[in-house]
Amino acid sequence: MNDTFLRACMGEKVRPVPVWIMRQAGRYLPDYQKVRGTTDFLTLCKTPELAAKVTIQPVDVLGVDAAILFSDILIPVEAIGTGLAFSEGRGPVLSPPVTTDAAIKRLHAIEPEKDVPFVLETIRILRKELKNKVPLIGFAGAPFTLATYMIEGGSSKNFVNTKKMMYETPAVFNRLMNLLTDVTASYLLAQIKAGAQAIQLFDTWAGILSGPDYEKCVLPYVQRIMDSIKQTGTPCIYFVLDGGHLFEKIKLARADVIGLDWRTEIEDALKRLGPVTVQGNLDPCALFLPEEGLKGRVDEILRQGGLARSHIFNLGHGVLPEVPYQKVKLLVDLVHKLSA
Ligand code: CP3
């Protein structure tokens, strides 16, 4: 079994440095496009045989050190009663947007085996088919990031409605966050029970908040989720996009691994995080560099990652559909070769 990823999660310095890629199963990959050509995205997420198939594709094509469940952070949001659609070019659409107490009261708690059986079945198939070749990462969106999609009705530029609810009706916002915290914790525990060997909690949009707002409106909920996962002994990665101004507070979330985007260099992040395990942090657009330039960037990230307690190589955000998959494979090979 290739357990370099899990050992690094637990704080062990591992050589070669393990690498996986956020959104590694996705539109940049011709094999994914082939499957996606036969079905829409949500149906793909809800068909365990197909979801398992596209999960394994990047393991075979790229040689990454971990597989990540193919699904979406918005799947449990749909399962508790919010309409979800993915429209070409517009991203996710949630309807109706959740902006009032009455709308929150119409949502319900999650019973994973009943509400999202396809996710758990995908995990069970994957553990069989991966045959311990690489570990399987499960994931969820963190409550605040899920709340932004629900309140805004989809992606947003400045998150006005989210902040409006936070400031105007804090009790309503708190009720939504409490619900999403319970949903996320149950959902992740069910994934672990089905066979997920590590967890990544995506808090993509928490970086839009100031330090004090993050500390009051995000951190306590994330801590509650971490505490319930910790009881299982399963390592958890916590990723915030554009979270540089929050490092001291993100550390308090008590994740085993802190995911970094490309905006802060690992060396600088560690000065504020202390000797933690980090994941990251190549700019996804660095994959457009010629090979020599890419090699230089990888070398430097590996050097800085060496300063951390341990390091898992990844991009600083998801791989872009415009990137040639051969370049992603080259990246994985470079990480392995340069850190051997
Ligand atoms: O990493 C992986 O390979 C696992 C699968 C995965 C997907 N989404 C598949 C996906 C994971 C872990 C996610 C997480 C996710 N989804 C996040 C957090 C991470 C991040 O990117 O910040 C967020 C914010 C979402 C919500 C979401 N899903 C958006 C905004 C979009 C539309 C944008 C886009 O890239 O099209 C999606 C769709 C989506 N999720 C696709 C995939 C492969 C593309 C769907 C397609 O095939 O058309």
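The values are calculated or read from the model by the stated rules, or taken from the named source; none is laboratory data. All values reported here derive from a predicted model rather than from experimental measurement. Note: ideal-geometry Cβ built from the backbone for every residue, glycine included; neighbour counts use all protein chains shown. Areas reflect the complete protein model, heavy atoms only, side chains present, ligands, DNA and RNA absent. Shrake-Rupley method; radii C 1.70, N 1.55, O 1.52, S 1.80 Å.
Tabulated data for the structure shown
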| item | result |
| --- | --- |
| Qualifying residue in region 282-303 (condition: crowded, with 17+ Cβ neighbours inside 10 Å and in a strand (DSSP E or B)) | yes |
| From the options 272, 263, 254, residue that is within 16 Å of residue 226 (Cα to Cα) and out of contact with any strand residue (DSSP E or B) (no Cβ under 6 Å at 6 or more places or on another chain) | 254 |
| Leading residue by the ranking (farthest from the ligand (Cβ to nearest atom)) among those in region 59-108 that are in a helix (DSSP H, G or I) and of a type in the set (Gly, Ala, Ser) | 102 |
| Identity of the residue in region 257-267, open to solvent by 20 Å² or more (accessible area, probe 1.4 Å) and in a loop (DSSP other than H, G, I, E, B), that ends up nearest to residue 310 (Cα to Cα) | 265 |
| Residue count, region 217-256 (criterion: in contact (Cβ under 8 Å) with a residue 40 or more places away in the chain, over 15 Å from the mean Cα position of the chain (by Cα) and part of a helix (DSSP H, G or I)) | 6 |
| Total residues in region 314-328, condition closer than 14 Å to residue 297 by Cα and exposed (fewer than 15 other Cβ atoms within 10 Å of the Cβ) | 0 |
| Given (1) surrounded by 22 or more Cβ atoms within 10 Å (Cβ to Cβ); (2) of a type in the set (A, V, I, L, M); (3) within 14 Å of the ligand (Cβ to nearest atom), index of the condition residue 8 fails | (3) |
| Close pairs (6 angstrom Cβ cut-off, 6 or more residues apart or separate chains): over 19 Å from residue 182 (Cβ atoms) in region 107-126, open to solvent by 20 Å² or more (accessible area, probe 1.4 Å) and assigned to a loop (DSSP other than H, G, I, E, B) anywhere | 118/46 |
| Scan of region 196-241 for residues that are away from the ligand (no atom under 16 Å from the Cβ), open to solvent by less than 10 Å² (accessible area, probe 1.4 Å) and in contact with a strand residue (DSSP E or B) (Cβ under 7 Å, 6 or more places away or on another chain), ordered by number | 226, 229, 235 |
| Matching entry among 132, 178, 161 (being assigned to a helix (DSSP H, G or I), surrounded by fewer than 21 Cβ atoms within 10 Å (Cβ to Cβ) and either touching an Asp or Glu at 6+ places or on another chain (Cβ under 7 Å) or modelled with pLDDT under 95 (or both)) | 161 |
| Near pairs, Cβ below 9 angstrom, 6+ apart or cross-chain, from region 181-195 (free of Cβ contacts under 8 Å to residues at least 60 places away in the same chain) to any residue that is of a type in the set (Phe, Trp, Tyr) | 181/221; 188/139 |
| Enumerated helices (runs of 4 or more DSSP H) restricted to region 1-53, each holding at least 3 residues that are modelled with pLDDT under 95 | none |
| Breaking point among (1) within 12 Å of the ligand (Cβ to nearest atom); (2) over 25 Å from residue 315 (Cβ atoms); (3) surrounded by 17 or more Cβ atoms within 10 Å (Cβ to Cβ), for residue 55 | (2) |
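Yes/no matrix, rows are residues, columns are (1) within 17 Å of residue 127 (Cα to Cα); (2) of a type outside the set (D, E, K, R); (3) touching a residue at least 24 places away in the same chain (Cβ under 8 Å):
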site: 27; (1), (2), (3): no, no, yes
site: 38; (1), (2), (3): no, yes, no
site: 53; (1), (2), (3): yes, no, no
site: 83; (1), (2), (3): no, yes, no
site: 100; (1), (2), (3): no, yes, yes
